[in-house]
Amino acid sequence: MNEVFREDRSVVLRYAQHLSGVDPHHLKKLSHREGARILFLRTVRDVDVYCLDLSTLTTTGTFKDWVAALSVARAKSAGLTRIVFQSSGNTANSLSYYATKAGMRSIGLYPPASRRRLRASLTTENNTFVEVQAPESEIKRILTEVSERTGVPALPPLKDQYVGNALRARLLRDAEASTGLHWDWHVQALSSAFGPLGFYRGLAELQIPTGRWPRFLGVQQQAVHPYADALSDQKTNASDDSGYVPMLEPTMFRRRPSADLIKEVGEVCTATHGQVRAMSNQQYLDMEPSLIGMLDDAGVHVCLNADGQPHERAGLYSLLGALSAIEEGLVAPGSKVLVAHTGGAGYCGQPSFEPETVLHPAAAASRLCAMLAKGVVQ
Ligand SMILES: Cc1ncc(COP(=O)(O)O)c(C=O)c1O
């Protein structure tokens, strides 16, 4: 068995005493398997590659469950009964699941490209997904308008993104203590970078000196690689292309992170001598079957849709980035690398989600306000 560490139950409950502003009673009632495990994958060029599986032991299949459980419990603790959110899919599934469990009314907005990511089984009369035919930036604007007009909060607030992901630092500290292992590199596929930023903030809170922080490797795809562009002075393979490049993974979609996010990722890279790299579509597609095989051999089963395509590619990108850094000699022989598998192993795709409501951006805000005003169906 390749598994070296496992939190089967809930990372969120495990560290609940460190979460302020959340009623432990609500957290306990809402929590449902926000787990994680670590597995040894293989040794490549004398580098030991491990997988931080944040997918298999979660309820909706991604690391977003930690943040969603925390955020909905916080909202419930504050007496809220309605929430709104927007997402490229995974956060929507998580928040809808926990809002349903909390007996709250929720509406989640998503762009058309994310339709295949959504799970119909997570919707109810009170917990709905609404497709908005607009790009991410416009959907975010609509969400803010709806939230301001109705007073219904948009989840998760930035704070919960960081606090939820900071639990990763506590978990890895415990994992290192119980296994006697120390990971020299921490790798994750990026969209907004909340996962790794929360993790490194967590290390700082635990007062772990920066000299002991794992080096950070962020991984992006060819079609969307703002961090790689902003932080690299050398051209990546992926940024040489001009013209249209298809996006292979809609989850890794954030094209314009705020200046604050770019600055913070830059600081983490500087502190840890890390980097963000972009992988070309060709590099990814050439390697996809062997990445899936490598994970499968170790017991991380990547879910494939009926068409044979991986349901979620972020974890595969993370592993690809790690392997390419090892091949290029960036990772010193004898090192240990921990590759975050953030989604796509815990759940096997259902037939495509059929939206009940599709809104044109011009009409969206008013329609959504009216939908929220209707109240909760008992
Ligand atoms: C499965 C999965 N992996 C990776 C990411 C990237 O997350 P972030 O860059 O916010 O840490 C996301 C979310 O956007 C996701 O859903």
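The values are calculated or read from the model by the stated rules, or taken from the named source; none is laboratory data. Computed from a predicted model, the values in this text were never measured in an experiment. In this analysis, Cβ positions are derived from the backbone assuming ideal geometry, glycine residues included, and neighbour counts consider all displayed protein chains.
Observations
- In region 297-319, the residues that are at pLDDT below 95 form Cβ pairs under 9 Å with partners that are of a type in the set (F, W, Y), at six or more places apart or across chains, as follows: C303/Y347; H311/Y347; E312/Y347.
- Sole exception among (1) of a type in the set (A, V, I, L, M, F, W, C); (2) in contact (Cβ under 8 Å) with a residue 40 or more places away in the chain; (3) within 16 Å of the ligand (Cβ to nearest atom) for V47, by number: (3)
- Region 97-139 - residue that is among the β-branched types (V, I, T) and over 24 Å from N165 (Cβ atoms) and, of those, farthest from the ligand (Cβ to nearest atom): T124
- Some residue of region 35-43 being of a type in the set (V, I, T), without any contact (Cβ under 8 Å) to a residue 40 or more places away in the chain and surrounded by fewer than 19 Cβ atoms within 10 Å (Cβ to Cβ): yes
- Qualifying residue in region 207-225 (condition: away from the ligand (no atom under 14 Å from the Cβ) and under 30 Å from L118 (Cα atoms)): yes
- A count restricted to region 294-348 and to residues that are over 20 Å from L118 (Cα atoms), among the basic types (K, R) and within 12 Å of the ligand (Cβ to nearest atom) stands at 0.
- Leading residue by the ranking (farthest from V4 (Cα to Cα)) among those in region 274-296 that are without any contact (Cβ under 8 Å) to a residue 60 or more places away in the chain and charged (D, E, K, R): D286
- For region 261-270, the set of residues classified as crowded, with 16+ Cβ neighbours inside 10 Å and over 19 Å from the mean Cα position of the chain (by Cα) consists of C269 only.
- Members of region 275-302 found to be part of a helix (DSSP H, G or I) and in contact with a Gly (Cβ under 8 Å, 6 or more places away or on another chain), listed by number: L295
- Note on region 81-96: residues that are under 18 Å from Q161 (Cα atoms) and in contact (Cβ under 8 Å) with a residue 60 or more places away in the chain amount to 9.
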